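What follows is a short report on a single structure.
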Amino acid sequence: MNHEDRQRKLILACKRGDIRAMETLYRQYARSMFNVAYRIVNDFHFAEDVMQEAFLKAFERIGQFRGDASFGAWLKRITINESLNWVKKYGNRYSDFPANFSEEVEVDSAETEPPGLEPEKLLKAMQALNPQYRTIISLFYIEGYDYREIAEIMDISYQNARTMMTRAKKKLKKILENEK
Amino acid sequence: MKNKDSRYDLFSPPEGHEARFSMKLHHRMQSSRPQNLWLRRLTAMGIAASVLLAALFVRWNEFGGGDGLSGQWTQQTAALKQSFIRQWERIEKYDSPESKKIIEDNFRQWEKLQADLEKLQKEFRENNNRAVLNAMLQNLKMQNELLINMHDQLNKIEKQARHEKSVHQS
């Protein structure tokens, strides 16, 4: 039985309420989803809570999973939503930034690769960003979402997503320069 | 969406995360089972309060109150949260008529502590003050002790009931 067949079987078992199957899927994806949550929440302890709540929600809604995307991609979206909810509730930083960005900032051409850095260095620099900038950098460079998807995830317009990304990149560049 | 680069997954979840998840999963899956709603409410509020307090500590540290205590605070609130979860698991099995009175008595004490905690939360919102944060932490510790004591009392009466039953049968 190949990986896809095993996944399908596990997901079917989860749909029947099989706790062992849920635990198996948790073990498979916990590390990856923990890192997704940690990059947004920026707190080791809370990232575990957020990640686990995302799994619980995923298993509650597993009946809605149709297999259009991979289970990992579906789960990741739930984890990101859960992380953003945590930041909105406890990070309380969204209010520091305007919901609508003015047009004055020139939008960069889309670079889809991280700025040629070791992952450790990029992640460390990201920690110094505010939650919005940290989130958009993570979604774009690491998770691989495009601006349309980011706009939907962060509940902002397409233009705002691009403008925010430009600002986030400038801020990241400044942090990296200061660290040299 | 392009494929994610796993080179960025540098960290492992904290030790013991699988066991903690397993416990949460079992609780969530069994939520339809009849349980003592008061205890569920009590422990759930304790867990939520620990999480909230930890978030307040983090914010306090970030917004200029940082005095090197953040690590201690985080550890204490994390330990409290785990303790609330543990008490939840230990206490909720008691639902006999004998245990009901003990639970009700403790619940009244807990309500007082909870009212104090709500006042402290309000006070902290109005004027950020480290002393208030410490008072909130003390309050949560008292709530936790209340649960531990309640478990001890429940355990004692259950043992007593078992003993009386065995004497009666013999």
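The values are calculated or read from the model by the stated rules, or taken from the named source; none is laboratory data. No experiment lies behind these values; they were computed from the predicted model shown. Positions of Cβ are backbone-derived with ideal geometry, glycine not excepted, and every protein chain shown enters the neighbour counts. What goes into the accessible areas is simple: the full protein's heavy atoms, side chains included, and nothing from ligands, DNA or RNA. Shrake-Rupley method; radii C 1.70, N 1.55, O 1.52, S 1.80 Å.
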#### Entry: region A:3-31, residues that are open to solvent by less than 30 Å² (accessible area, probe 1.4 Å) and polar (S, T, N, Q)
A:7
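Of everything in region A:16-51, what is of a type in the set (Asp, Glu) and more than 20 Å from residue B:76 (Cα to Cα)? Give them in sequence order. Break it down stepwise before answering.
First, pick out the residues of region A:16-51 that are of a type in the set (Asp, Glu): A:18, A:23, A:43, A:48-49.
Once the filter is applied, which keeps residues that are of a type in the set (Asp, Glu) and more than 20 Å from residue B:76 (Cα to Cα), region A:16-51 yields A:18, A:23.
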### Task
For residue A:153, state whether it is of a type outside the set (Lys, Arg), assigned to a helix (DSSP H, G or I), surrounded by fewer than 21 Cβ atoms within 10 Å (Cβ to Cβ) and over 14 Å from the mean Cα position of the chain (by Cα).
no
### Summary
Here the residues within region A:39-67 that are closer than 18 Å to residue A:143 by Cβ, free of Cβ contacts under 8 Å to residues at least 24 places away in the same chain and open to solvent by 30 Å² or more (accessible area, probe 1.4 Å) are none
### Message
Among the residues of region A:19-54, what is the count of those that are more than 20 Å from residue B:7 (Cα to Cα) and either acidic (Asp, Glu) or more than 7 Å from chain B (Cβ to nearest Cβ) (or both)?
### Response
10
### Identity of the residue in region A:161-172, open to solvent by 10 Å² or more (accessible area, probe 1.4 Å) and in contact with a helix residue (DSSP H, G or I) (Cβ under 9 Å, 6 or more places away or on another chain), that ends up farthest from residue A:78 (Cα to Cα)
A:171
### Message
Looking at region A:138-159, I want the residues that are touching a residue at least 40 places away in the same chain (Cβ under 8 Å) and have a partner that is among the aromatic types (Phe, Trp, Tyr) and part of a helix (DSSP H, G or I) with Cβ atoms under 7 Å, at least 6 apart or on another chain. Which pairs are those?
### Response
A:142/B:8
### Task
Pick out the one residue from B:79, B:54 that is more than 10 Å from every other protein chain (Cβ to nearest Cβ), modelled with pLDDT of 70 or more and not in a loop (DSSP other than H, G, I, E, B).
B:79
### Message
Condition first: at pLDDT 65 or above, surrounded by 11 or more Cβ atoms within 10 Å (Cβ to Cβ) and within 12 Å of chain B (Cβ to nearest Cβ). Now tell me which residues in region A:99-126 satisfy that.
### Response
A:117, A:119, A:120, A:121, A:122, A:123, A:124, A:126
### Query
Out of the residues in region B:125-158 that are surrounded by 13 or more Cβ atoms within 10 Å (Cβ to Cβ) and more than 21 Å from the chain's Cα centre (by Cα), which is nearest to residue B:54 (Cα to Cα)?
B:130
